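Reading through the structure tokens given below for one structure.
The values are calculated or read from the model by the stated rules, or taken from the named source; none is laboratory data. On a predicted model such as this, the values are computed, not experimentally measured, just so you know. Cβ: placed from backbone, ideal geometry, glycine included. Neighbour counts: every protein chain shown.
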Amino acid sequence: MHPYTAAVARTPIRVSAGARPYLLTAPNQPTAPKAARDFVRAVLSRTNLSPLLDTAVLLTSEAVTHSHLRAPGRTDILLRILTTDDALRISVHDEASGRVPAPAQELGHCLLLLAHLADRWGTTPFEGPARSTSLWFELYATDGGPA
């Protein structure tokens, strides 16, 4: 569900004392999506969020591929994962300036998958380089969303 086109019925993930952050920095090379997929698999397979694994891997792969295609060649792609007991948030950042989405033909497939598979998703300004953004999505293990 795109945050600009429909009301979000679920509350955002709340960072609690039990939340765990994970971070991967990958060079902007054609191997970045595979590195990101492997990282998400390694993180989620050790948690009670493993039922979300296939969806998280697919959406991460799409988001990192988009970043790889639009970012300058000598930059890094940053992948952040935040897990709670019943949810996860994954954000992908690159140093390409401008707003996401990029041209529709480049991001259309990624947005379509996010709209259908993610419980929440969107873009936020990144605290790093000026005018850059992060693409993020959340998945919940329960139908009611995070508590």
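None of 58, 117, 112 is out of contact with any strand residue (DSSP E or B) (no Cβ under 7 Å at 6 or more places or on another chain) and modelled with pLDDT under 90 except 112. Looking only at residues of the range 77-102 that are surrounded by 17 or more Cβ atoms within 10 Å (Cβ to Cβ), aliphatic (A, V, I, L, M) and not in a strand (DSSP E or B), we find that the one that is modelled with the lowest pLDDT is 100. Within the range 40-68, the set of residues being among the hydrophobic types (A, V, I, L, M, F, W, C), touching a residue at least 24 places away in the same chain (Cβ under 8 Å) and either within 13 Å of residue 141 (Cβ to Cβ) or surrounded by 16 or more Cβ atoms within 10 Å (Cβ to Cβ) (or both) comprises 40, 43, 44, 49, 52, 56, 59, 63, 64.
Taking the numbered list (1) more than 25 Å from residue 20 (Cβ to Cβ); (2) at pLDDT 90 or above; (3) polar (S, T, N, Q) in turn, residue 105 passes all entries but (2). Could you please find all residues in the range 63-88 being in contact with a strand residue (DSSP E or B) (Cβ under 6 Å, 6 or more places away or on another chain) and charged (D, E, K, R)? Listed by number, the residues that qualify are 76, 80. Suppose the filter is under 22 Å from residue 109 (Cβ atoms) and more than 14 Å from the chain's Cα centre (by Cα); does residue 48 pass it? No. Residue pairs whose Cβ atoms lie under 9 Å apart, separated by 6 or more positions or on different chains, with the first residue in the range 20-37 and at positive phi and the second at pLDDT 90 or above and assigned to a strand (DSSP E or B), do not occur.
No other residue among 10, 74, 37 is surrounded by 12 or more Cβ atoms within 10 Å (Cβ to Cβ), among the basic types (Lys, Arg) and modelled with pLDDT under 85 apart from 10.
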